[in-house]
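In what follows, a single structure is set out as structure tokens and then discussed.
Readers should treat all values here as calculations from the given coordinates under stated rules, not as data from a laboratory. Since the model is a prediction, treat every value here as computed from it, not as a measurement.
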């Protein structure tokens, strides 16, 4: 998958993950970064589980990136909530 594919998958996965987790603090570029990092995290998690990670542009790649982005946003939410309580 090329750079443009990563951007599109990142934006879609990041936007869906933001909607599921209730994160509203990012713009378009932040959403793409969340999705691309989610793709890397999701790919690693799925590979560890023995499943196929991100490959070609398609629904499976978007799903893997979405799962990774949700994990990323939940982890960031735990860290930032913990620091706000202190």
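When you restrict to C-alpha pairs under 8 Å that are six or more residues apart and normalise by the size of the chain, the relative contact order lands at 35 percent.
Principal-axis analysis of the Cα atoms of the chain puts helix 59-85 at an angle of about 20° to the longest axis. Can you tell me the 0 to 90 degree angle between the C-alpha axis of helix 28-48 and the longest principal axis of the chain, rounded to 10? On a 0 to 90 degree scale, this one is about 70. Mind jotting down the distance between the C-alpha centroids of the stretch 46-69 and the stretch 1-28, whole Å? Each part's Cα centre sits 14 Å from the other's.
Using a Gaussian network model of the chain in which every pair of alpha carbons under 10 angstrom is joined by a spring, one finds that among 43, 55, 30 the greatest mean-square fluctuation is at 55.
For the chain, the longest principal axis of the C-alpha atoms and the axis of helix 3-21 are separated by about 40°. In plain terms, the chain from residue 47 to residue 25 could stretch by 4.9 nm, reckoned as 0.36 nm per residue minus the Cα-Cα distance.
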